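See below for the structure under consideration.
Just so it is clear, none of the values below were taken in a lab; they were calculated from the coordinates. None of the values given here were measured: they were computed from a predicted structure. Note that we place each Cβ from the backbone using ideal geometry, even for glycine, and neighbour counts take in every protein chain shown.
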Amino acid sequence: MINLAVGEDLLITLVKLIYDRMSNKFREIFDQLDWHFEAWGVSINKNSKNTIEKTDLRIVLEKVLKQLKEKGIKVLVTFDEAQSTPEVKQLATTYQLMRREKYNISLVMTGLPSEVSEL
């Protein structure tokens, strides 16, 4: 289960938390990918020849979810106090695309009706 919060770069945090919660056995999935994160003034690189742009995070997430699906692992993402912000819309859109591809990811969002009606 991955818990996200308001004020975070949601896709970066999601990918980082999936990595952090994996056992060493499944970190090999990530270790085969090149990735780079920049958030909150911190830069993290992993076997990177080229950096991954924000728009490429969906591609990284898709590769990871594909591998996890093959291993029978499911991901639950929770998000409390959701608001209709560009970051939340990007998360919702990415989630929708991942579900369309039948990846094992679920998203539970809560928030005030006036804040989430646009989502």
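In this structure, the amide hydrogen of residue 105, modeled 1.01 Å from its nitrogen in the peptide plane, lies closer than 5 angstrom to those of 75, counting only residues at least 5 positions away or on a different chain.
Net charge of the neighbourhood of residue 95, taken over other residues with C-beta under 14 Å away and scored Lys/Arg +1, Asp/Glu -1, is +3.
Near residue 115: Cβ cut-off under 13 Å, other residues only, Lys/Arg at +1 and Asp/Glu at -1. The net charge is -2.
Under 5 Å from the amide H of residue 78 lie the amide H atoms of 2, 3, 4, 108, each residue being 5 or more positions distant or on a separate chain, with H modelled from the backbone and absent for Pro and chain starts.
What fraction, in whole percent, of alpha-carbon pairs in segment 54-106 exceed 14 Å separation? So the pairs more than 14 Å apart make up 55 percent of the total in segment 54-106.
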